Amino acid sequence: MIGTNAVLGVVAVALGMVLTPGPNMMYLVSRSITQGRRAGAVSLAGVAVGFLVYLSAANLGLSLVFVAVPALYLTVKLAGAGYLAWLAWKALKPGGLSVFTPQELPPDSTRRLFSMGLLTNLLNPKAAVMYLSLIPQFIDVRAGHVLLQGFLLGGVQIAVSLAVNLVVVLAAGTIALFLGRRPGWLRAQRYLMGTVLGALAVKLATDSASPAAA
């Protein structure tokens, strides 16, 4: 039902998206460093559920809802842009810290770790773009079972994203130690991350694409 080219295409898209710094990676790294790998893994479980929510909503007609209620689409888009802008400001403001800078933070409960991972992903505009615009391009309508194709291809994307993010969770402490010995690199990483997030926020907020186009 699903061709090899479609699977490889989704894998490529998923890798490109997950390797681009964004809210999910920032949250997972910060929690893994400040509270340990278990906290990062619990947060990642919340991120995974967020992917499933988007996948289900997209396949069951969320795009149709956005077309019918443009104000809802605009609200979701601006909320995502605002969240990205806030993360960018935290990185770029005077005295801001890199996500790889160890910090003394009160430990979050398992429930909060999970819920924050979920919320971070639900407000992640990259996830919305992926499920509403990118993955549908690999569905072959002529092959039939469009809904099943959508869920299977989305499952491929989720598997790739979780695998990469799990590596990030496990390696966050080592990366933080490496950068901690190189303050210049740590500062450059913070400015680069903040700039990328800021640019994404502006692009998302000013994008005039309609929900129909997505």
Handout entry: In the range 51-71, the residues that are in a helix (DSSP H, G or I) and modelled with pLDDT under 80
Key = Leu62, Ser63, Leu64, Val65, Phe66, Val67, Ala68, Pro70, Ala71
Fill in the blank from the handout: Screening Ser98, Ser109 for residues that are farther than 25 Å from Leu55 by Cα, more than 16 Å from the chain's Cα centre (by Cα) and modelled with pLDDT of 70 or more leaves only Ser109
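Okay, residues lined up against (1) buried (at least 20 other Cβ atoms within 10 Å of the Cβ); (2) modelled with pLDDT under 75:
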residue: Val141; (1), (2): no, yes
residue: Leu148; (1), (2): no, no
residue: Phe151; (1), (2): no, no
residue: Gly154; (1), (2): yes, no
residue: Gly173; (1), (2): no, yes
residue: Gly180; (1), (2): no, yes
residue: Leu186; (1), (2): no, yes
Exercise for the section: Please indicate, with yes or no, whether at least one residue in the range 35-50 is more than 25 Å from Leu162 (Cβ to Cβ), modelled with pLDDT of 70 or more and not in a helix (DSSP H, G or I). Expected result: no
Practice task
Filter the range 22-47 for residues that are surrounded by fewer than 20 Cβ atoms within 10 Å (Cβ to Cβ) and either within 16 Å of Ala128 (Cβ to Cβ) or under 10 Å from the mean Cα position of the chain (by Cα) (or both) and give the result.
Solution key: Met26
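The values are calculated or read from the model by the stated rules, or taken from the named source; none is laboratory data. Here the structure is a predicted model, which means the values were calculated and not measured. Glycine also receives a Cβ, built like all others from the backbone with ideal geometry; neighbour counts cover every protein chain displayed.
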